[in-house]
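Since every read-out is calculated from the coordinates, none of them should be taken as a lab result. Computed from a prediction, not measured in an experiment: that's the story for all the values here. Note that each Cβ is placed from the backbone with ideal geometry, even for glycine, and that neighbours are counted across all protein chains shown.
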Amino acid sequence: MADGSGVVGIVPIGEVKQVVLKILAANIQAIFNLPVDILDGRKPLDKFFNPNRNQYNAATILDHMERRWKQPHDRILAVVSVDLFIPILTYVFGEAQINGKMAVVSTYRLNRRSGGGNVALERYYERIAKVGVHELAHTFGLVHCKENHCVMRASYSLSDLDYYPLYFCDYCQAMLDDTYRRLKLRTLIPRSLTDVL
């Protein structure tokens, strides 16, 4: 795995396929323009399993990550293959700390077709990338966007997720760029001449 030199660290928890981690890393690196590392995996967080719901509590996973995980990265994106929930929703595709360091995404529901069966691999991987980008953006302070053509639009269903693009609207991109300047993050390629001056 990587040496921890990136801004974003991707951490598998439990059984997560390597191809999923690589797709997430490639999309995050391209869209956020930040160096990304795939880090060593963690054991499943069984203590966050809720037997009444047969799901894992995403909010308490994030809290545990923040208190226990010491990584040199500015942001950590955990990836799980189990079903996640937060108390006010039946399920979530992911969860993040707004303006925090930690986010988690789940692949559990992303390969499903609304009428049953599995979607094509391309669609599955695109969904994973969208959820990862969306949740990671929350850690940089971006909130849900009202623009239909923005990855930051809230997704409450797979059809929502399929409809929204894998890019930021101009407003959300400007907000992200402003956050980068404020945090003095090192990007891979300067976005404009002013970034190198």
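Report the charge-dipole magnitude of the range 8-195 in Debye, nearest 20, computed about the Cα centre from +1 at each Lys and Arg Cβ and -1 at each Asp and Glu Cβ.
Details: 24 positive and 19 negative charges, 66 e Å.
So the dipole magnitude of the range 8-195 works out to roughly 320 debye.
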* To do: Please state, to two decimals, what the Cα-based radius of gyration of the range 18-109 comes to when divided by 2.2 N^0.38 Å (N = residues).
  => 1.08
* Which Cα, out of F32, Y163, G132, lies furthest along the positive dipole direction of the chain (beta carbon charges, K/R +1, D/E -1)? -> G132
* To do: Please work out the FRET efficiency for the pair H144 and A174, using the Cβ-Cβ distance as r and a Förster radius of 25 Å; give the result to the nearest 0.05.
  => 0.95
* **Sparse-neighbour loop sites [trypsin sites (Lys or Arg not before Pro); the range 60-169; at most 15 other C-beta within 10 Å; DSSP]** => K70, R113, K146
* To do: For D162 paired with Y91, estimate the spin-label separation in nm (one decimal), with each label point 7 Å from Cα along the Cα-to-Cβ line.
  => 1.5 nm
* To do: Report the extension gain between A154 and R109 in nm, rounded to one decimal, defined as 0.36 nm multiplied by the number of residues separating them, less their alpha carbon distance.
  => 14.6 nm
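What translational diffusion coefficient, in µm²/s and rounded to a whole number, does the Stokes-Einstein relation yield for the chain at 20 °C and a viscosity of 1.002 mPa s, taking the hydrodynamic radius as the Kirkwood radius over Cα pairs? Provide the component values of the computation, followed by the final result.
Details: Rh = 17.0 Å.
The diffusion coefficient I find is 126 µm²/s.
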* Pairwise label distance in nanometres, N50 with Q18, each label 7 Å out on the Cα-Cβ vector -> 3.5 nm
* State the extension gain, in nm to one decimal, for the chain segment bounded by D74 and D40, taking 0.36 nm per residue of separation less the distance between their alpha-carbons. => 10.6 nm
* Asked: Can you list the cysteines of the chain that have no other Cys Cβ under 4.7 Å away?
  -> C172
